[in-house]
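Before any comments, here is the structure.
The values are calculated or read from the model by the stated rules, or taken from the named source; none is laboratory data. Predicted model only: the values in this text are computed from it and were never measured. Every residue, glycine among them, receives a Cβ derived from its backbone with ideal geometry; neighbour counts consider all protein chains shown. Calculation scope for accessible area: heavy atoms of the full protein, side chains included, ligands and nucleic acids excluded. Shrake-Rupley method; radii C 1.70, N 1.55, O 1.52, S 1.80 Å.
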Amino acid sequence: MKLAELFNEERTVFSFEVFPPKRDHDIETIYDTLDELHHLNPDFISVTYGASGSLADNSTCEIASAIKHRYGIESAAHLTCVNSTREEVTEVLRRLHENEIENILALRGDIVPDVPRKNDFKHASDLITFIKDTDYDFGISGACYPEGHQDSRSHVDDILNLKKKVDAGAEHLISQLFFDNNLFYDFVEKARIAGINVPIEAGIMPVVNKKQIERMVSLCGASLPSKFTKMMSRYEHKPEAMRDAGIAYAVNQIVDLVSQGVDGIHLYTMNNPYIAKRISESVKSLF
Ligand code: FAD
C-alpha cells in the first residue's frame, strides 16, 4: 500500500522510524527490536539509509522487506541521492522493487566532508523526478523542516523549495524533529498557504539523555523551549528520571498535536522498543 492512502480525515496516522544496526553490530539485533515494535501496530515503519549511499550496504532494503513480509506492516525505505550516481540509484530502485517495497522516502542526504559528493543529483526533488521517470510505481515521501533546513537562506525559501519537492511528486511529508509544537503549527500553516496540500506527519523524538539531544540539536539545529532545557538540567544526572521526563514530554507533544488535528505522528524510535512501547501505550486511544 502507498503511504498516502493511509491518510484520511477520520484518523491520525501513527508511524515509526528505525535505523539499520551500525556496521560493527549484528544485523539480527534489528529483528529483536522489530519483534517488539510490531506488537504496537504502527501504520508503517520507515528504515533510514546510510549517509554514504554505498551499494554494498543493502541493509535498508533487507529490513524494509522484513517489516513488510515477516511482520506484515507497511514499510518505507529511505533513499539519499547526493552521494550516488544515477546508475547506483537505479540499482537500489531495482532491489527495492524486487523486494516488493512500495514506498520510498526520497532525500538529498547530508553533505559530509569525508564522503566525496557525486554530481548527478543536487536536491531531493531531482531524485523524485528521476524515480518518477522510471517504470516503477513507488509511493514517494519527502522530508520537511518546521524550523527551516540549515542550508536554506530563509524559511520562505525553504517552503518554496518544499513546494518544488511536492510538485515533483512527493505525496506525503515527514518532519524533522522539533520540541516546540507552535513552530510546527506555524510551518504547516505557511506550507498550506504555499499550496502544499499533501499530508504532513510530525516527527517526534523522545529524549532519553542529555548527550543524545545535544548531538541531535547540533545536527539539525532544533530549538529548545525553556521548559525543555529546565527538564534536561534538572534530570541530567538521574538517567531514569530523565528517561521518564523525556517520555512524558513526547506524550504531551503528541496529545497536543493530535488534538489540533495533525495528519500523523512519526516516532523516531531510536531502535528502543521500551520507549516506543511506553509512548504508544500512553497515546494509543488517540489514534
Ligand atoms: P532537499 O529537499 O534537497 O533540501 C536541502 C536544501 O536544499 C534545503 O535548504 C532546501 O531548501 C534546498 N532545496 C531543496 N530543493 C531545492 C530546489 N529544487 N532548488 C533549490 N534549492 C532546493 N539522512 C540520511 O542520510 N539518511 C536518512 O535515512 C535520513 N532520513 C531522514 C528522515 C527525515 C524525516 C528527515 C527530516 C531527514 C532525514 N535525513 C536522512 C537527513 C536529510 O538527508 C538531511 O536533512 C539533508 O540535509 C536534506 O535532505 P532533504 O531531502 O530534505 O534535502
Filtering region 69-82 down to residues that are crowded, with 22+ Cβ neighbours inside 10 Å and part of a loop (DSSP other than H, G, I, E, B), which residue is nearest to the chain's Cα centre (by Cα)? Cys81
Please pick out the residue among Asp57, Asp26, Asp35 that is out of contact with any Asp or Glu (no Cβ under 6 Å at 6 or more places or on another chain) and within 12 Å of the ligand (Cβ to nearest atom). Asp57
Quickly run through region 166-182 and pick out the residues that are open to solvent by 30 Å² or more (accessible area, probe 1.4 Å) and near the ligand (Cβ under 8 Å from one of its atoms). Gln176
Within region 176-196, identify whether any single residue is touching a His at 6+ places or on another chain (Cβ under 6 Å) and over 19 Å from Ala77 (Cα atoms), and answer yes or no. no
So which residues in region 243-260 are within 24 Å of Arg11 (Cβ to Cβ) and among the acidic types (Asp, Glu)? Asp256
Counting only residues that are among the charged types (D, E, K, R) and in a loop (DSSP other than H, G, I, E, B), which one in region 164-191 is nearest to Ile128 (Cα to Cα)? Glu171
From the list Thr90, Thr134, which residue is in contact (Cβ under 8 Å) with a residue 40 or more places away in the chain, open to solvent by 10 Å² or more (accessible area, probe 1.4 Å), farther than 30 Å from Asp186 by Cβ and assigned to a loop (DSSP other than H, G, I, E, B)? Thr134
Within region 247-258, is there a residue that is within 19 Å of His155 (Cβ to Cβ) and away from the ligand (no atom under 16 Å from the Cβ)? no
Which one of Ile101, Ile111, Ile63 is farther than 24 Å from Thr129 by Cβ and more than 15 Å from the chain's Cα centre (by Cα)? Ile63
Filter result for the condition that a residue is more than 10 Å from the ligand (Cβ to nearest atom) and of a type in the set (S, T, N, Q), over Thr134, Thr129: Thr134
Only unsatisfied item for Asn119, checking (1) more than 15 Å from the chain's Cα centre (by Cα); (2) closer than 19 Å to Thr269 by Cβ, is (2)
For region 104-120, enumerate the residues that are in a loop (DSSP other than H, G, I, E, B) and closer than 27 Å to Met1 by Cβ. Arg108, Gly109
Could you grab me the full set of residues in region 117-127 that are under 15 Å from Glu88 (Cα atoms) and open to solvent by less than 100 Å² (accessible area, probe 1.4 Å)? Lys118, Asp120, Phe121, Asp126, Leu127
